[in-house]
Amino acid sequence: MNSSKIFITFRTKSFIRIMKLISFKNYHLLSDFAATEIANAIKDDPSLVLCMASGHTPVLTIELLVKKLTEEKIDYSQMKFLGLDEWVGLPPVNEGSCNYFFKTKLFEPLQLNASQCFLFNAMTNDLEAECKKMDAVIADNGGIDVMLVGIGMNGHIGFNEPGTSFSIHCHVAELDNSTKTVGQKYFKEETVLHQGITIGLGHLMDAKKVVLKADGKRKAEVIKKTVEGMVSKNFPASIMQNHNNGFVIVDEEAASLLSKPH
Ligand code: GLP
């Protein structure tokens, strides 16, 4: 265990559920921990169903995961991979799309078979059918085993925006203004963003293990609300307090506003 790691256990008011917070000195140690957890999970269960967010948060985790799987010769040929979300209307060739992110950073480096990879087609004119298709993929594969998610600046997970029901499955969401504005960072040119298609919080609650990762000062406020705030659909990430195998993993900067001791 790395000495820079603090392990704190939280209990919700009901004293039934436990969420764990793990803090690391920096983004590298944080990312390495997440990559090791995922690599070990695949080692233990080669047919693991893994769901991940794209965005800046998981970039190094994915890089390290590819390295570990390759160097340690871990068999990932039966693993199933699910992309958490996508911007509606964006083609997969758009470099800011989640499809492009996963294809270039994960699928190509690992040479994953197309039958292992499940991403939303956000170009379809039947988004409802696309949601049902992903719901069926999750059900047919026995649910999600491990989920690695990020957090938006309004507390969203995937495109589960504030106000979203904790029991919803795959759905299309109208994007918050903050999501549309912050989302511009993924694109070279200003891009019109209206809706997102996403795996829902109901699937997150059903997942066997959920890891929410956050780094940097800009995430300190939302991490404080996630860990210490009230559980409310107005702040989707607070759902982590209700998950019975939920982990919030952060670097020191993202943990900097948390009250101590917990
Ligand atoms: C985006 C995505 C989420 C992502 C989050 C944080 O809008 N919909 O899936 O986890 O916001 O992004 P980042 O990691 O770039 O901060």
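Every number here is computed from the coordinates shown, using simple stated rules; none is lab data. Everything numeric here is computed off the predicted structure, so don't read it as measured data. Don't worry about glycine lacking a Cβ; one is built from the backbone with ideal geometry, like all the others, and counts go over all protein chains shown.
Flag not set for V59, criterion: in contact with a strand residue (DSSP E or B) (Cβ under 7 Å, 6 or more places away or on another chain) and either touching a residue at least 24 places away in the same chain (Cβ under 8 Å) or within 12 Å of the ligand (Cβ to nearest atom) (or both).
Just one of the listed residues (F120, F102) is under 19 Å from L175 (Cβ atoms) and buried (at least 21 other Cβ atoms within 10 Å of the Cβ), namely F120.
Within this structure, T36 fails the test of being part of a helix (DSSP H, G or I), within 16 Å of the ligand (Cβ to nearest atom) and among the hydroxyl-bearing types (S, T, Y). Kindly indicate whether S77 is touching a Pro at 6+ places or on another chain (Cβ under 9 Å) and under 30 Å from E161 (Cβ atoms). The answer is no for S77. Of the numbered criteria (1) surrounded by fewer than 21 Cβ atoms within 10 Å (Cβ to Cβ); (2) touching a helix residue (DSSP H, G or I) at 6+ places or on another chain (Cβ under 6 Å), the one L201 fails is (1). Residue check: N99 meets all listed conditions (1) away from the ligand (no atom under 14 Å from the Cβ); (2) within 27 Å of K219 (Cβ to Cβ) but one, namely (1). Residue count for segment 204-230, restricted to those that are surrounded by fewer than 21 Cβ atoms within 10 Å (Cβ to Cβ), closer than 14 Å to N154 by Cα and aliphatic (A, V, I, L, M): 1.
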